[in-house]
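A quick write-up on the structure given underneath.
The values are calculated or read from the model by the stated rules, or taken from the named source; none is laboratory data. In this text the structure is predicted, and so the values were computed from the model without any measurement. The area values use the complete protein model at the heavy-atom level, side chains included, leaving out ligands, DNA and RNA. Shrake-Rupley method; radii C 1.70, N 1.55, O 1.52, S 1.80 Å.
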Amino acid sequence: QVQLVESGGGLVQAGGSLRLSCAASGRTFSSYAMGWFRQAPGKERGFVAAGTRIGRSTYYADSVKGRFTISRDNAKNTVYLQMNSLKPEDTAVYYCAAQLYGLGSRSTGDYDYWGQGTQVTVSS
């Protein structure tokens, strides 16, 4: 089992940057593919980015491609989401998720564990 704790959210102006972190407990972090999802008020939770267990392959939603970067440090049991050129439509609660022995997925149903979320608000 793994526990996930996100941090790094906050309020930022449009065009600004934030880096989200997701710290995982346990000694088997490298067994998990990791993903980031987000949920805006009144909307379903949607895919943002995902990466494989050693981070060799990454995947992005079209809406964030070229602006967001997912990365991980297995020695620190942490996955990151660097968000640049933020837009008001990026405002949401951001969640990290872990997929045991997975390859990364765009589907929420493929993930085994979820963090509690961190709020990102982008003002115009």
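The table for this structure:
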quantity: The chain - percent of accessible surface contributed by carbon and sulfur, probe 1.4 Å; calculated: 45 percent
quantity: Two-decimal log10 I(q)/I(0) for the stretch 1-71, as the Debye equation yields it once each C-alpha is a single scatterer, q = 0.17, 0.28 Å⁻¹; calculated: -0.75, -1.45
quantity: For the chain: Kirkwood Rh in Å [reciprocal of mean 1/r, alpha carbons]; calculated: 14.1 Å
quantity: Relative contact order for the chain, counting Cα pairs under 8 Å that sit 6 or more residues apart, in percent; calculated: 36 percent
